[in-house]
1. Name all residues of segment A:234-248 having a backbone nitrogen under 18 Å from the label point set 7 Å from the Cα of A:Arg92 along its Cα→Cβ direction, giving them as ranges.
2. Among DSSP beta bridges lying fully in segment B:2-212, give the percent that are antiparallel, nearest 5.
3. Hey, with R₀ at 30 Å, roughly what FRET efficiency would A:Ile102 and A:Ser79 work out to, going by the Cβ-Cβ distance, to 0.05?
4. If R0 is 51 Å, what FRET efficiency do you get for B:Glu118 and B:Thr15 from their C-beta distance, rounded to 0.05?
5. At R0 = 30 Å, how high is the FRET efficiency between B:Thr54 and B:Asn126 if r is their beta carbon distance? Nearest 0.05 is fine.
6. Measure off 7 Å from each Cα along the Cα-to-Cβ vector at A:Lys47 and A:Trp19, then give the distance between these two points in nanometres to one decimal.
7. Using the alpha-carbon atoms, what tilt in degrees (0 to 90, nearest 10) does helix A:221-243 show relative to the longest principal axis of chain A?
8. Report, in degrees rounded to the nearest 10, the 0 to 90 angle that the Cα long axis of helix B:130-142 makes with the longest principal axis of chain B.
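Throughout, read-outs are computed from the coordinates displayed, never taken from laboratory work. Values in this document were obtained by computation on a predicted structure and should not be read as measured data. We place every Cβ from the backbone using ideal geometry, glycine too, and count neighbours over all the protein chains shown.
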Amino acid sequence: MTVIASEWTKLRAVRSTYWTLAIAVGTAIGFSIVVAYAFASPPSHGKPPDALLPGFASLEYAVLTAGALGALTFTSEYSTGLIRTTFAAVPRRRMVLAAKAIAVAAATFTIGELTAFVSFFADQAILNGHHRGVSLSQPGVPGAVLADGLLLFVCAMLGVGLGALIRHTAGAVVAVAGVIYLPAAFGALPPPWNDRVSRFTLFSAAEQVTAHHPSLTLFAPAISLVVLLAWPAATLAAAAVTITRRDA
Amino acid sequence: MIEAIDLGKRFGPVTAVDGLSFTVRPGHVTGFLGPNGAGKTTTMRLILGLDEPTNGRALVNGHSYQHIVRPLHQVGALLDATAVHPGRTAWIHLWSIAQSNGIGRGRVTELLQLTGLEAVAHRRLNGFSLGMKQRLGIATALLGDPAVLMFDEPVNGLDTEGIMWIRQLFKDLAAEGRTVLVSSHLMSEMALTADHLIIIGRGRLIADAPATQLIDASTHQDVLVRSPRGDELADLLTARDAQVTTEPDGALAVTKTTAAAIGDLAAAHGIAVHELTPRHATLEEAYLELTGDSVDYRTAKGQP
């Protein structure tokens with residue numbers, strides 16, 4: 001507990017934390033409103049877009065800032081050398097990894113859910129004006145909105161893990177962006193291989209768990225949730241293995 | 001107490017620390033000396049469990065550092081004063097470290113007072129001078145009131161007042177029965193603070209002895225004698241097994257006897273003596289003589 005308190009103090013006390021989270025929340029809610037307006041008046045042909053898509057699509061930039069926030073908890077300490085003071089105070093390095101992850105998780109989970117629900121109510125108010133909105137009482141909707149809120153946390157954990165593994169801010173942030181965005185290229189594979197590969201990616205898994213009408217050619221939302229959480233879990237596990245083996 | 005037992009560390013082809021064995025005892029300020037690149041910092045990092053030794057081990061109070069729970073209560077260290085997050089304040093920096101070891105706010109405030117940083121406690125560290133960061137680093141090391149303290153080049157960046165303060169602090173900490181290890185590449189600094197010296201060069205132990213003993217052991221210890229009848233006095237001294245060499249200006253440099261014996265001998269023979277000066281090598285000279293080899297070796301090694 002004392003180590004978590006220490007990491008929470010560190011996180012709370014730097015301005016970049018507030019900056020990063022403000023940018024995440026601001027862009028997410030702002031973009032979702034813009035997207036909702038765009039969806040409110042779609043072309044008359046074709047099926048109407050998923051009513052929950054604005055909430056998901058608008059997180060595209062926010063997830064990267066969350067990843068950077070997570071990565072910085074380690075990379076800022078490695079770049080300044082502060083990590084040696086941290087490890088000298090807490091020689092059980094996995095405790096440091098866990099404490100940093102928990103502190104960042106608490107912040108990004110809270111902010112993420114808050115953003116998701118604010119976006120949801122704003123978007124649906126706009127869509128309802130054109131009778132395209134959905135309500136929280138409809139099946140599948142609460143879970144999808146909760147999942148939206150989970151995405152900042154997922155990417156922040158990815159950032160913590162990659163930050164501990166890579167140690168350099170730029171490298172870690174690029175790696176976070178790579179894991180999030182690069183797999184979109186799999187969509188260009190010829191069917192059915194595009195979906196067969198994509199369903200294992202973080203992006204498609206996130207799309208599935210946050211949609212009102214998930215795709216039938218990808219994993220079901222429950223399995224997609226496992227895939228979604230497996231990415232940060234695997235990264236943190238790799239960090240836990242290497243953190244005790246490398247010189248600080 | 002700090003113990004290094006056949007401690008070694010290789011970084012690829014470079015051997016930074018090569019089979020070091022020494023013990024740092026409580027109640028003394030122990031100077032850890034060596035030329036730049038001798039392996040002082042690496043040794044300290046090995047002691048703190050930050051680097052994994054390639055061979056041997058280091059113990060603090062009989063334990064491996066990694067196995068100490070809340071180690072700040074036993075060991076305090078200042079490795080690199082500039083290793084701080086520039087966006088945090090001095091107070092937050094200390095408080096976050098204190099929290100990790102269950103140390104209270106009162107102790108943080110107390111140390112900011114002790115190190116003279118009270119007035120700047122809530123300023124962000126990017127505005128701190130190197131000297132202020134050194135003081136903050138010393139405050140960090142003292143947080144848990146530990147019995148073992150290690151400081152790596154703590155004098156860097158301090159002003160004269162700061163240097164006087166830190167010397168006294170080290171002496172006080174040792175007088176309280178703590179183990180104090182202070183590294184430096186400057187013998188002149190250690191001469192004023194340390195009463196025991198561990199000297200290393202190229203990762204190997206060169207000397208581990210009380211400071212005074214290192215001076216006594218030095219070969220440069222003689223008596224300078226000036227006399228109008230120098231030749232006559234030289235013959236008398238040589239006859240009594242003293243060794244006499246003549247300096248370029250005609251003065252005699254005498255070894256293997258004492259100033260008192262020379263004075264008595266001259267008086268007994270009615271020889272006037274104009275100067276009679278016992279010459280001790282300074283600690284600095286003893287150091288250069290000891291580390292000279294390890295530095296020369298490096299230069300020679302670079303030659304084809």
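1. A:237, A:240-245
2. Working: 20 of 38 bridges.
Around 55 percent antiparallel, to the nearest 5.
3. Numbers: r = 22 Å, r/R0 = 0.75.
According to the calculation, E is roughly 0.85.
4. 0.70
5. 0.20
6. My value for the distance between the label points is 4.4 nm.
7. 10
8. Rounded to the nearest ten degrees, it is 70.
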